[in-house]
Every structure is written in C-alpha cells, then in structure tokens.
Amino acid sequence: MNMLNSSTPLLKARNLTKRYGEHIGCQNVNLDLWPGEVLGIVGESGSGKSTLLNMLSGRLTPTCGQVLYRRDPSSQLLNAHHTQTTETGNETGTHDPDAGLEIDLHTLSEGERRRLLRTELGFVHQNPRDGLRMRVSAGANIGERLMARGDRHYGHLRTTALEWLDKVELSQARIDDAPASYSGGMQQRLQIARNLVTSPRLVYMDEPTGGLDVSVQARLLDLIRRLVRDMGLAVILVTHDLAVARLLSHRLMVMYHGNVVEEGLTDQVLDDPHHAYTQLLVSSILQG
Amino acid sequence: MSQTVIEVKDLCKYFILHQQGGIRIDALDNISFTVEAGTCVALYGPSGAGKSTLLKTLYGNYLPTSGSILVHCPGGVVDIAKADPRTVSMLRHTCISYVSQFLRVIPRVSTLDLVAEPLLCAGVDEETARRRACDLPARLNLPARLWNLAPATFSGGEQQRVNIARGFIRPTPILLLDEPTASLDAMNRKVVVELIKEACANDCAVVGIFHDDDTREQVATSLVHINEHHDAELKSA
C-alpha cells in the first residue's frame with residue numbers, strides 16, 4: 001500500500017511538552033506518522049492524551065517542542081515564505097519538492113493554521129456539537145469546507161453533500177434538516193462527512209465513538225475503517241477504549257502521567273505489554 | 001536445494017508480570033530452527049511449552065527477549081525480532097499471513113467483506129477482491145446463505161472457517177497457522193489439509209500448531225519439538 005512505500009513522514013513531533021504551571025500536561029513526546037497510517041493514543045483520563053492531540057493539531061501551543069507537518073505538494077495554500085524547518089536546525093538534505101514542504105504548525109499565523117485545518121487536516125471532536133454548526137442544515141455543514149476552499153457552485157455543493165450523506169449512511173432526504181434534529185450517532189457521522197469532504201490527508205479524532213451506544217459504535221468503526229482505507233487517510237486517534245484502538249489503529253502509544261510509556265504495533269502492545277501500566281490497562285478490559 | 005525462508009536463532013522470551021509481584025514466566029529458551037520454502041514445520045509439544053508464544057513471536061505479535069528471526073522476503077532479509085513496527089506491518093501486508101485460533105473482527109461486518117479485507121489491504125481492486133472472496137468460503141463448505149451475514153452468531157467451526165479463508169485468500173511466502181483445525185469436522189479438516197498442501201506446493205513456508213495428530217501427520221514435513229523446559233529440537237516428521 002502507498003503508506004508503506006512512502007518514505008517521508010507526514011507529521012513529526014519532536015520533544016513536545018506542555019506544562020500548566022507546575023503541572024505537566026505531557027512531556028518529551030516524539031512521533032512520526034506516515035501517510036495512510038492510523039496511530040492510536042491510549043491512556044486513562046488525565047494522562048495527557050487530549051493535551052497531546054491538541055498540540056499535534058496546532059490547536060494548543062506547546063511549552064516547547066515542534067510539530068512538523070509535510071504539506072501537500074499540490075496545494076496552492078500557504079505560500080512559500082515559510083522556510084523549511086528541520087529537526088536539527090540546519091539540515092538541508094531533506095527538502096524534496098515532490099514530498100512537499102515541511103512546516104511547523106506552531107509558527108504559522110492563526111489564519112494559515114485555520115486554513116490548513118479546513119483543507120488538508122480535519123478534526124473530529126468527541127462531542128459532535130463541538131464540530132458542527134448546529135443551526136445550519138446538514139448540507140451546509142458538509143458544504144462549508146468546500147466553500148472555504150473556494151467552491152461556489154451551488155449545484156455542485158449540493159450534489160457533493162448528497163454523495164457524502166450517502167457515504168456516511170445518512171438519509172439524503174435529511175439534507176435540509178439541522179443537525180440538532182439528528183441523533184448522537186447521526187451527528188457523529190455528519191461530523192465525519194464534514195471533515196472528509198475536502199479529502200484531507202490527516203484527521204485528528206478525539207474519542208470519535210465515545211458516548212455512542214454499542215450498536216452505533218460498531219457501525220461507525222466499520223465506516224471509519226473503510227474511509228481510512230479507501231482514502232489513504234492518516235489518522236491520530238485518541239481513545240480510552242482499547243477495543244476501539246485495536247480495531248482501528250495500526251500503531252499504538254500508551255500514555256501515563258504525561259509520558260509515553262510504551263509504543264509499537266497495536267496488537268503487539270496489547271498482546272505482549274511490557275510496561276507495568278500497560279499491563280494494568282490490558283488486564284482491566286472487561287470480557288463481554 | 002530449497003531456499004531457506006525463516007531462520008530462528010537462539011530465540012528467548014520471558015514475560016514479567018508487573019501486576020502479579022513482578023513474577024517472571026519463561027516461555028522460550030534458546031530456540032533455533034529453519035524453515036525452507038515448500039515445507040511445513042509443525043510445532044509440537046505439551047500444553048504450556050511455548051508453541052503459541054513461538055508462533056506469535058514469528059508474526060511480530062510478541063517481542064522476543066533475545067535472539068533473532070530472519071525472514072527472507074521478496075524485498076530482502078529482515079530480522080523480525082529487531083524490526084521497527086512499520087517494517088513488521090509491511091511484512092504482514094506482503095510476506096506473512098497468520099491464522100489465529102479465534103476470529104477477532106469489527107462486529108456487524110459481513111463474512112464476504114471480512115474475507116475480502118486482506119486483499120483490499122494489499123491493494124487489490126474491490127471487484128476482484130469480492131469475486132475471489134467467494135471461492136474459499138465455498139471450498140470450506142460454508143453455506144452461501146451465511147456469506148452476507150456477520151459471523152458473530154456463527155458456530156465455532158463456522159467462525160474458524162471464516163478465519164481460515166481470511167488467512168489463505170492472499171498467498172504469501174510465509175503462512176503461520178495456530179490450530180487451524182481445532183473446531184472443524186472431518187470433512188473440513190480435509191479441505192484445510194488440501195489448502196496447506198497446495199500452499200506448500202506453491203513454495204510457501206508453513207509453520208503451524210496442530211493438536212490433531214492425524215492432520216499433523218498429513219501436512220508436516222518436519223517437527224520442532226518444544227519440551228517442558230521450553231527448548232526445542234528439529235526432527236523430521
């Protein structure tokens with residue numbers, strides 16, 4: 001698959017640290033994420049998962065460290081006044097015009113970061129109400145990112161919205177309804193459609209199946225897995241549910257008290273955990 | 001002279017159970033053996049000797065404590081014991097298939113979709129994948145009326161056949177089998193024996209655990225006998 005042939009990471013984090021005064025949110029996190037790869041971040045609440053996700057997505061400024069994103073070489077956005085950033089400062093050999101320019105998400109202006117989050121990146125919130133505009137129609141929710149990209153043709157916007165409703169298994173007849181009238185599971189699928197309509201390269205997901213009942217959750221897992229495979233999406237998935245992490249992610253990072261204590265292939269970490277905390281986590285799974 | 005595909009050398013594995021007083025469980029002690037293309041090696045020994053641990057280590061599912069596992073794949077030679085997660089993941093897409101004892105999949109996904117999945121992940125187009133996904137369930141005598149259902153409500157033997165179909169649908173140079181015939185009736189055991197022999201005839205290197213003596217005698221070309229001290233010797237079958 002393309003994810004395995006691709007030799008340059010899409011996203012890199014280096015020594016990423018966030019302190020809230022004396023308190024550590026998370027510290028010294030390093031990671032590489034390749035195109036098409038799903039990275040799961042697990043840990044109990046308060047372990048620093050969401051802090052890390054918010055820094056990785058550029059939504060929260062780190063105390064120190066870098067988040068380097070390799071932008072889409074075909075994109076016309078973000079003109080080249082950003083010089084290439086490298087991990088060691090002055091390395092020059094890594095710039096490959098076909099692979100795209102590497103930019104530090106935290107040195108972008110607010111406008112550029114927002115533009116990136118509406119085009120090449122996506123963010124799926126645990127609570128769909130945080131990611132949707134509740135008072136405008138489902139169709140407008142899907143069309144918004146297309147319009148932000150410059151699409152103005154109403155007929156085209158509506159056709160695309162209908163296609164995406166269908167892809168996420170929502171009734172096309174509900175296109176003009178506001179998401180407030182949708183169930184929680186339907187809102188979550190709408191949020192996913194809203195994010196994926198511009199074919200982003202990387203989507204951040206914060207507990208995307210949290211708060212949904214199990215039957216809805218199973219369908220959503222299958223949907224996410226299919227879309228990830230078909231679109232070659234890279235995903236950073238935060239979850240406290242190890243079963244969800246097992247089914248969706250290729251690799252796993254385990255966080256404990258703000259530190260990454262173990263990482264590796266998902267099934268290896270879950271079936272042969274080495275760190276005491278991972279062993280506790282795995283041994284606490286309920287057998288249904 | 002057949003070609004060596006897997007070389008296991010001085011493989012050791014122990015588990016430290018931090019939640020249970022840091023107790024150490026020894027599972028594998030200095031295991032060495034090789035597997036050639038077109039042969040089937042059966043791991044043999046008493047329950048608890050470390051057969052499944054060894055098989056899982058070959059798949060990169062368990063991390064060995066020391067030793068090496070060299071696999072000769074089309075892309076080159078890789079030591080699974082030391083490879084990074086992406087390399088192991090790449091090997092699983094291109095070189096190594098694994099049939100586990102139990103089916104572990106997303107609920108509510110249909111049998112045919114599950115069987116087609118390894119092909120889709122390997123980049124085969126959807127139409128071809130779906131067409132080929134029908135062949136193996138048919139050969140394994142899985143009634144066609146079940147194909148569009150999710151396997152959660154299937155019997156143990158039916159689930160195992162779905163698992164076997166997933167493992168065999170995409171031929172790879174290495175095939176690992178963890179008790180593939182444990183809950184099958186005689187007729188389906190025979191089909192699995194045929195599938196294993198066909199894989200060997202196509203130069204696949206097979207490593208398996210077979211509790212059923214009859215199946216083991218039919219497919220194994222050599223045995224790795226693991227004793228209760230967790231060390232092993234290679235014998236011809």
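Any read-out appearing in this document is the output of simple, stated calculations on the displayed coordinates, not a laboratory observation. In this text the structure is predicted, and so the values were computed from the model without any measurement. Don't worry about glycine lacking a Cβ; one is built from the backbone with ideal geometry, like all the others, and counts go over all protein chains shown.
Structure notes:
- Whether chain A is rounded, prolate or oblate, judged on the alpha carbon gyration tensor where a/c under 1.5 counts as rounded: oblate
- DSSP H segments from chain A that extend 30 Å or more along their own axis, Cα-based, with Kyte-Doolittle mean of 0.5 or above: none
- Segment B:ILE23-B:ASP214, length gained on full extension (0.36 nm per residue, minus Cα span): 65.0 nm
- Rounded to whole numbers, the Karplus 3J(HN,Hα) couplings from phi for region B:45-52 are x, x, 4, x, 6, x, 5, 5 Hz, using 6.51 cos²θ - 1.76 cosθ + 1.60 with θ = phi - 60°, and x at Gly and Pro.
- Environment charge at B:LEU54 (Cβ cut-off 12 Å; Lys +1, Arg +1, Asp -1, Glu -1): 0
- Between 0 and 90°, nearest 10: helix B:85-94 axis offset from chain B longest Cα axis: 50
- Relative packing of A:182-188, B:64-70, which averages over residues the other C-beta atoms within 10 Å, highest first: A:182-188, B:64-70
- Isolated Cys residues of the protein assembly as shown, judged by Cβ distance under 4.7 Å to other cysteines: A:CYS26, A:CYS64, B:CYS12, B:CYS40, B:CYS121, B:CYS134, B:CYS200, B:CYS204
- Within 10 Å of the Cβ of each residue in B:54-63, the mean number of Cβ atoms contributed by other protein chains is 3.
- Phi-derived couplings, Karplus 6.51 cos²θ - 1.76 cosθ + 1.60 at θ = phi - 60°, listed residue by residue for region A:247-260: 6, 9, 9, 7, 10, 9, 10, 10, 10, 8, 6, x, 10, 7 Hz, with x used for Gly and Pro.
- In order along region B:145-160, the Karplus-derived 3J(HN,Hα) couplings, from 6.51 cos²θ - 1.76 cosθ + 1.60 at θ = phi - 60°, round to 5, 8, 4, 8, 9, 6, x, 4, 8, 6, 6, x, x, 5, 4, 5 Hz, and Gly and Pro are given as x.
- Compared with the dominant Cα axis of chain B, that is its longest principal axis, helix B:126-139 is turned about 80°.
- Reported to the nearest whole Å, the Cα centre-to-centre distance from region A:15-57 to region B:155-181 is 37.
- Taking the DSSP beta bridges with both ends in chain B, the antiparallel portion is around 60 percent.
- Stretched out straight at 0.36 nm per residue, the stretch from A:GLU169 to A:HIS153 would grow longer than its current Cα-Cα span by 3.3 nm.
- Each Lys or Arg adds one and each Asp or Glu subtracts one; over the other residues with Cβ under 12 Å from the Cβ of B:ASN30, this totals -3.
- Taking a Cβ cut-off of under 13 Å around A:THR239, the surrounding Lys, Arg, Asp and Glu residues balance to a net charge of -2, with basic ones at +1 and acidic ones at -1.
- Gyration tensor (alpha-carbon) shape descriptor, region B:1-124, a/c threshold 1.5: oblate
- R0 of 45 Å, Cβ-Cβ distance B:HIS93-A:ARG133: FRET efficiency to nearest 0.05: 0.70
- Residues of type lysines that B:LYS51 reaches as a straight line, Cα spacing below 19 Å, ignoring anything fewer than 8 places off in the same chain: B:LYS9, B:LYS13, B:LYS235
- Cα gyration tensor, the protein assembly as shown - rounded (a/c under 1.5), prolate or oblate: prolate
- Residues B:GLU126 and B:LYS197, FRET efficiency given R0 of 41 Å [Cβ-Cβ distance, rounded to 0.05]: 0.85
- Taking trypsin sites (Lys or Arg not before Pro) as exposed when their DSSP state is a loop state and no more than 11 other Cβ atoms lie within 10 Å, the longest site-free interval of chain A runs over A:153-288.
- Pairwise centroid distance, computed over Cα atoms, of region B:18-59 with region A:230-267, Å: 27
- Distant-in-sequence amide contacts of A:LEU170, defined by a placed amide H-H separation under 5 Å and a gap of 5 or more residues or a different chain, comprise nothing.
- The mean number of partner chain beta-carbon atoms within 10 angstrom of a residue's beta-carbon across peptide A:264-276 is 5.
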